[in-house]
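Trainee: This structure is in structure tokens; I'll ask about it shortly.
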Amino acid sequence: MLNYLKIITAILLTVSIHVSALEALKSHKEIIVDGLANDVSWQLATWQPIDNLILGTKPDADDFSGQFKIMWDDEQLYLLVEITDDILFDQHADPRYLYWDDDCLEIFIDEDASGGNHQFNFNAFAYHVALDNQAVDIGEKNADGSDNFVLLNDHVTSVWKRSETAPQKMIWELAFRVYDDSFTMQMKKPQPVNLFEGKKLGFMLAYCDNDGSKEREHFIGSTDIRAINGDKNLGYITADVFDKLILLR
Ligand SMILES: [Ca+2]
Ligand SMILES: [Ca+2]
Ligand SMILES: [Ca+2]
Ligand SMILES: [Ca+2]
């Protein structure tokens, strides 16, 4: 009996180690999305690292390094992302074309923390926010079966600025309206959900870094994704690999 208990305890410990949870405090003062980190609320939030290699080679700190803070209010999630990237690169002007091979910030949101496949549906969202602040995800497939890359700029407010002093950092500030899995591109007036204390979401953040190559050089995220057949680039397919985000007072 004691051995069974030991085994069960060991399993529970293993599970709790792999299911990490992020916490976000509520912002009780307005956060102005302007690429400036001087809002009073940001002082209350803790920096979270962006240091898990998902794809490509591991970058040096001046090639890419980053960290982020997250907060919320009744209407939006707020992100403050501090990025060091030696070369900002946006080779494709069309935000829907090969956007993952341009520098971009990728924000994964699963409104009800359901997990599961979201590649061609909106069970969860994988917003790719480009340097021109446009947000793209894969929508429902086109009638002919081809991929349908859709702009979701209504969901996101995004502003970034570079600091004027060395080492030069980008301060990227964003606000997200959160949509549930009933969202479709055909909806006339989709309504974001209200956020509240105790709500759990699926969440992950990553940066695609390219400094002039044909394809992205590094893809680095906030979450230690467990590889399947050696592949960690799973976030755009399944929300199972996201972290849990808990909204606190
Ligand atoms: Ca601000
Ligand atoms: Ca770089
Ligand atoms: Ca979901
Ligand atoms: Ca870059």
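Trainee: So, in the range 237-247, how many residues would count as being buried (at least 17 other Cβ atoms within 10 Å of the Cβ) and in contact with an Asp or Glu (Cβ under 8 Å, 6 or more places away or on another chain)?
Mentor: Qualifying residue count for the region: 4.
Trainee: Assuming E111 fulfils every condition listed in (1) of a type in the set (D, E); (2) open to solvent by 30 Å² or more (accessible area, probe 1.4 Å); (3) more than 15 Å from A206 (Cα to Cα) apart from one, which condition is it?
Mentor: Result: E111 fails condition (2) only.
Trainee: One residue is enough: does the range 130-139 have a residue meeting the conditions over 25 Å from G66 (Cβ atoms) and touching a Pro at 6+ places or on another chain (Cβ under 6 Å)? Can you show your working first?
Mentor: Step one: of the range 130-139, the residues over 25 Å from G66 (Cβ atoms) are 139.
Now narrow it down to the ones that are touching a Pro at 6+ places or on another chain (Cβ under 6 Å): none.
The answer is no; no qualifying residue exists.
Trainee: Which residues, taken from the range 156-173, are in contact with a strand residue (DSSP E or B) (Cβ under 6 Å, 6 or more places away or on another chain) and in contact (Cβ under 8 Å) with a residue 12 or more places away in the chain? Explain how you work it out, then say what you get.
Mentor: At the first step, the residues of the range 156-173 found to be in contact with a strand residue (DSSP E or B) (Cβ under 6 Å, 6 or more places away or on another chain) are 156-162, 168-173.
Result: V156, T157, S158, V159, W160, K161, Q168, K169, M170, I171, W172, E173.
Trainee: Provide a single number: the residues in the range 229-238 that are within 15 Å of N52 (Cβ to Cβ) and among the β-branched types (V, I, T).
Mentor: 0
Condition check ((1) crowded, with 18+ Cβ neighbours inside 10 Å; (2) out of contact with any strand residue (DSSP E or B) (no Cβ under 9 Å at 6 or more places or on another chain); (3) not charged (D, E, K, R)) across all residues:
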{"position": "A175", "(1), (2), (3)": "yes, no, yes"}
{"position": "M187", "(1), (2), (3)": "no, yes, yes"}
{"position": "P190", "(1), (2), (3)": "no, yes, yes"}
{"position": "K199", "(1), (2), (3)": "yes, no, no"}
{"position": "R216", "(1), (2), (3)": "yes, no, no"}
{"position": "T223", "(1), (2), (3)": "yes, no, yes"}
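The values are calculated or read from the model by the stated rules, or taken from the named source; none is laboratory data. No experiment lies behind these values; they were computed from the predicted model shown. All Cβ positions, even for glycine, are placed from backbone atoms using ideal geometry, and neighbour counts span all protein chains on display. Note: areas computed on protein heavy atoms with side chains; ligands, DNA, RNA excluded. Shrake-Rupley method; radii C 1.70, N 1.55, O 1.52, S 1.80 Å.
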